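See below for the structure under consideration.
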Amino acid sequence: MNRENILAKIKFNITKFGRHITFVSGGQEPRYAYTIGLFENHDLELIFAGGIFYLEKDVRDIINSIAAKIHERGDLTSSFSLDAHGGFTLKKVHPSWSNAMMLGVYDYYNIKQFSAYQIVPESRNYTLDIPNMAQEWSSQEQPIWKWLKEDWTFNISKNGEVVTNLDALKGNPITEIMRWEEEMWEMFSGAGPEINQEDMRVVPIGVLLGIDKSLLPALELKVGKGMWREGASDIWNDWG
């Protein structure tokens with residue numbers, strides 16, 4: 001789709017729904033989504049960064065629900081309760097994040113600055129891919145989002161992905177790793193066969209490397225090989 005068609009689609013969605021939602025995925029930064037169109041009536045836009053606990057359809061519903069509540073109330077409220085998805089708060093986004101991630105807003109409105117607010121889930125649904133966007137972007141402080149602005153440095157494809165589980169994405173140590181393809185791993189906290197399908201997620205490998213640098217030996221595994229460890233130990237054991 002060329003730029004003219006993209007802009008026409010954005011305009012159509014803003015006119016019909018009051019907002020357009022852009023999803024961004026691929027590469028090594030976590031998935032994120034943001035609005036274009038709230039700026040016209042509320043002088044702000046929303047962004048949902050990371051939060052892989054939620055599926056894409058859930059993220060769309062969350063953004064639409066919060067945007068609708070902002071419109072109904074006529075002002076900005078810092079907290080929201082959505083029955084189907086839990087509680088959320090809004091945090092003002094530092095421009096260093098919006099400048100890098102919300103390019104469609106700048107392009108569509110041809111503006112140099114605007115107010116952005118990050119949608120942050122309550123603690124029970126919080127995953128470590130959610131950045132603190134209130135603070136200035138820093139690769140040291142936000143290593144999971146390092147590749148948003150820096151070049152990929154590992155000796156593997158930038159397309160590498162991992163099947164993992166929510167426990168791992170909430171900070172529990174990964175204890176089992178298998179490499180099934182050149183660009184695909186499994187990394188689980190707990191025994192893989194015991195993990196429910198609904199608790200599994202696919203994320204860029206850079207997300208897990210940003211969470212835990214002790215996972216780096218996984219990059220050296222040959223296809224079809226795996227390793228395991230006890231808890232958060234730095235000592236990995238070969239399978240069989």
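The values are calculated or read from the model by the stated rules, or taken from the named source; none is laboratory data. Here the structure is a predicted model, which means the values were calculated and not measured. Every residue, glycine among them, receives a Cβ derived from its backbone with ideal geometry; neighbour counts consider all protein chains shown. Just so you know, the surface numbers come from the protein's heavy atoms only, side chains and all, with ligands and any DNA or RNA stripped out. Shrake-Rupley method; radii C 1.70, N 1.55, O 1.52, S 1.80 Å.
If packing is taken as the mean number of other Cβ atoms within 10 Å per residue, what is the order of 98-104, 7-13, highest first? Don't skip to the end; give the middle numbers.
Numbers: 98-104: 18.6, 7-13: 14.1.
Descending packing order for the listed peptides: 98-104, 7-13.
Residues of the stretch 1-126: accessible area per residue at 1.4 Å, in Å²?
51 Å²
Quick one: net charge around ASN159, please, counting Lys, Arg +1 and Asp, Glu -1 for every other residue with C-beta under 12 Å from its C-beta.
Values: positive: LYS158; negative: GLU161, GLU181, GLU182, GLU183.
Neighbourhood net charge equals -3.
Can you give the FRET efficiency for ARG124 and THR15, using 1/(1 + (r/R0)^6), R0 = 30 Å, r = Cβ-Cβ distance, to the nearest 0.05?
Numbers: r = 37 Å, r/R0 = 1.24.
Rounded to the nearest 0.05, the efficiency is 0.20.
Enumerate the lysines that LYS222 could reach by cross-link, defined here as Cα to Cα under 29 Å, with residues fewer than 8 away along the same chain left out.
Qualifying lysines at Cα under 29 Å: LYS146, LYS158, LYS170, LYS213.
Averaged per residue, what accessible surface does the stretch 157-240 expose to a 1.4 Å probe, in Å²? Please report the intermediate quantities before stating the final value.
Details: 4440 Å² over 84 residues.
Value returned for the stretch 157-240: 53 Å² of accessible area per residue.
Could you give the dipole magnitude of the chain about its Cα centre, charging the beta-carbon of Lys and Arg +1 and that of Asp and Glu -1, in debye to the nearest 20? Numbers along the way, then the final one.
On the way: 24 positive and 33 negative charges, 160 e Å.
That gives a dipole near 780 debye.
Of LYS57/LYS149; LYS91/LYS225; LYS9/LYS112, which pairs sit farther than 31 Å apart, going by alpha carbon to alpha carbon?
Working: LYS57/LYS149 27 Å; LYS91/LYS225 43 Å; LYS9/LYS112 22 Å.
Result: LYS91/LYS225 exceed 31 Å.
Can you tell me how much longer the chain between LYS225 and ARG3 gets when fully stretched, taken as 0.36 nm per residue apart minus their C-alpha distance, in nm with one decimal?
Values: separation 222, 0.36 × 222 = 79.92 nm, distance 4.43 nm.
Computed gain between LYS225 and ARG3 is 75.5 nm.
Could you work out the relative contact order of the stretch 1-121? I mean the mean sequence separation of Cα pairs under 8 Å and 6+ apart, divided by the number of residues, in percent. List each step's numbers first, then the result.
Working: 152 pairs, mean separation 28.6, N = 121.
Relative contact order here is 24 percent.
Report the Stokes-Einstein translational diffusion coefficient (µm² s⁻¹, integer) for the chain, Rh taken as the Kirkwood radius over Cα pairs, at 25 °C with viscosity 0.890 mPa s. The partial results should precede the final answer.
Values: Rh = 19.2 Å.
D = 128 µm²/s.
Quick check: the distance between the Cα centres of the stretch 127-166 and the stretch 1-75, to the nearest angstrom?
22 Å
Need one number: nm distance between label points at ASN172 and ARG60, each 7 Å from Cα along Cα→Cβ, rounded to one decimal.
Between ASN172 and ARG60, the simple spin-label model gives 3.1 nm.
Using only Cα atoms, tell me the angle between helix 56-73 and the longest principal axis of the chain; keep it within 0 to 90° and round to the nearest 10.
Result, in degrees: 30.
Ignoring ligands, DNA and RNA, what percent of the accessible area of the stretch 93-237 is carbon or sulfur (1.4 Å)?
On the way: 3400 of 7400 Å².
Ligands and nucleic acids excluded, carbon and sulfur give 46 percent.
Figure the gain on full extension for LYS158 and HIS71 (residue separation times 0.36 nm, minus the Cα-Cα span) and round it to one decimal in nm.
Values: separation 87, 0.36 × 87 = 31.32 nm, distance 3.98 nm.
Full extension of this stretch gives 27.3 nm more.
Between 0 and 90 degrees, rounded to the nearest ten: what's the tilt of helix 3-17 against the longest Cα principal axis of the chain?
70 degrees
Go ahead and collect, in residue order, the members of the stretch 208-240 whose backbone nitrogen is under 16 Å from a label point 7 Å along the Cα-Cβ direction of GLU181.
Hits in the stretch 208-240 for GLU181 at 16 Å: 223-225.
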